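**Q** Got a structure for you, written out below as structure tokens; questions coming shortly.
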């Protein structure tokens, strides 16, 4: 494994299979971002729909000295169906008062038997990117981050190739090369990647990372993983979807961003989009046009996840 530092120097770090665990870097710990709204919190609530949930949450936020700035809800059946709610509120000194606020939330929602989570919107999520040779999604995310369009930090990019190392370094982001081990057993490579990720990131994005992650890897990682698949799922699962699309004679191609699960390309879908094509376009032309769709779909999925707009429910999502 080789790390490329932000100053342009390549630093050899622990060859694959021989390294000691990499300790958490203090610079990777969550920090407040002065460019994000201060003292803003996001409350996610989900469970069975019951009368009085909206009133109880609104009254609770008022009681703790908060002011609601955004409110979304959805119920698939008002007679006890699945209920989802996202509330963003401002509360002065939120970080300082958070423990007391969480106690009040728990007491308020206990009678409704609802699950909930609370995040500080002034703390950007730490997003690691895994990539391979194709760079269009990777560079798009780095560019959007540099422009301030993604409320995240990027503590690292990991790739099984070195082709994007210089580009990543130009954005001031650490680059780590973890080669893929030949053969079906990827445990050695996955172990090295886990040593870099665990404890240092809040979610991971696969920016056309052309390796299948094992269920054991996903379980040990313990954070959400977002993938971009160059197909309008469920069509053309697996490799070479543009070639398959050309052979099938499709009139639309698309891209799908989804959460990664142990089932290949079958995780909960976050975002999709399509573009119309004709019989005259080659598979290479389909891939070129599809790359534009992939960038847009992945960037939207990453933004929505970073803003806590996506709620997973079974094998699908609610996106507010």
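**Q** Select from region 225-244 the residues that are buried (at least 18 other Cβ atoms within 10 Å of the Cβ) and at pLDDT 70 or above and list them in ascending order.
**A** The first filter runs over region 225-244 and keeps only residues buried (at least 18 other Cβ atoms within 10 Å of the Cβ), leaving 225-233, 236, 241-242.
Selection gives 225, 226, 227, 228, 229, 230, 231, 232, 241.
**Q** Considering only residues that are touching a residue at least 40 places away in the same chain (Cβ under 8 Å) and assigned to a helix (DSSP H, G or I), look in region 36-58 and name the one that is surrounded by the fewest Cβ atoms within 10 Å (Cβ to Cβ).
**A** Step one: list which residues in region 36-58 are touching a residue at least 40 places away in the same chain (Cβ under 8 Å), which gives 36-48, 50, 52-53, 56-57.
Still in the list and also assigned to a helix (DSSP H, G or I): 53, 56-57.
Working: 53: 21, 56: 17, 57: 24.
Across region 36-58, the extreme among qualifying residues is 56.
**Q** Check whether at least one residue in region 143-155 is buried (at least 21 other Cβ atoms within 10 Å of the Cβ), more than 11 Å from residue 127 (Cβ to Cβ), assigned by TED's automatic domain parsing to the domain that holds residue 201 and in contact (Cβ under 8 Å) with a residue 24 or more places away in the chain, and report yes or no.
**A** No - not one qualifying residue is present in region 143-155.
**Q** Quick one: in region 60-108, which of the residues that are in contact (Cβ under 8 Å) with a residue 40 or more places away in the chain and assigned to a loop (DSSP other than H, G, I, E, B) is farthest from residue 40 (Cα to Cα)?
**A** Once the filter is applied, the top-ranked residue is 64.
**Q** Looking at (1) under 16 Å from residue 230 (Cα atoms); (2) touching a strand residue (DSSP E or B) at 6+ places or on another chain (Cβ under 8 Å), which is the only condition residue 283 fails?
**A** The number of the failed condition is (2).
**Q** Just checking, how many residues over region 181-200 are over 20 Å from residue 219 (Cα atoms) and either touching a helix residue (DSSP H, G or I) at 6+ places or on another chain (Cβ under 7 Å) or part of a helix (DSSP H, G or I) (or both)? Show your work before the answer.
**A** Going residue by residue through region 181-200, those that are over 20 Å from residue 219 (Cα atoms) are 181-183.
Checking the rest, the ones that are also either touching a helix residue (DSSP H, G or I) at 6+ places or on another chain (Cβ under 7 Å) or part of a helix (DSSP H, G or I) (or both) come to 181.
Looking only at that region, the number is 1.
**Q** Also, quick follow-up: Farther than 30 Å from residue 66 by Cα and free of Cβ contacts under 8 Å to residues at least 12 places away in the same chain, is that true of residue 170?
**A** Numbers: farther than 30 Å from residue 66 by Cα: yes; free of Cβ contacts under 8 Å to residues at least 12 places away in the same chain: yes.
Taking the combined requirement at face value, the residue satisfies it.
**Q** Any residue that is at pLDDT below 95, in contact with a strand residue (DSSP E or B) (Cβ under 8 Å, 6 or more places away or on another chain) and crowded, with 17+ Cβ neighbours inside 10 Å - is there at least one of those in region 163-181?
**A** No, region 163-181 has no match at all.
**Q** I need the full set of residues from region 81-112 which are in contact with a strand residue (DSSP E or B) (Cβ under 9 Å, 6 or more places away or on another chain), within 16 Å of residue 48 (Cβ to Cβ) and either exposed (fewer than 14 other Cβ atoms within 10 Å of the Cβ) or in the same structural domain as residue 311 (by TED's automatic domain parsing) (or both), in order please.
**A** Within region 81-112, just 81 meets the criteria.
**Q** Within region 123-152, how many residues are out of contact with any helix residue (DSSP H, G or I) (no Cβ under 8 Å at 6 or more places or on another chain) and under 21 Å from residue 224 (Cα atoms)?
**A** 3
Rundown of residues vs (1) part of a loop (DSSP other than H, G, I, E, B); (2) assigned by TED's automatic domain parsing to the domain that holds residue 130; (3) closer than 30 Å to residue 195 by Cα; (4) free of Cβ contacts under 8 Å to residues at least 40 places away in the same chain, yes/no style:
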| site | (1), (2), (3), (4) |
| --- | --- |
| 243 | no, yes, no, no |
| 250 | yes, yes, no, yes |
| 267 | yes, yes, yes, no |
| 272 | no, yes, no, no |
| 278 | yes, yes, no, yes |
| 287 | no, yes, no, no |
| 299 | no, yes, yes, no |
| 311 | no, yes, yes, no |
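**Q** Within the group 290, 267, which residue is closer than 27 Å to residue 87 by Cα, at pLDDT below 95 and crowded, with 16+ Cβ neighbours inside 10 Å?
**A** Working: 290 fails: closer than 27 Å to residue 87 by Cα.
Exactly one of 290, 267 is closer than 27 Å to residue 87 by Cα, at pLDDT below 95 and crowded, with 16+ Cβ neighbours inside 10 Å, namely 267.
The values are calculated or read from the model by the stated rules, or taken from the named source; none is laboratory data. Model, not experiment: these values are computed from the prediction. Virtual Cβ from ideal backbone geometry, glycine too; neighbours counted across all protein chains shown.
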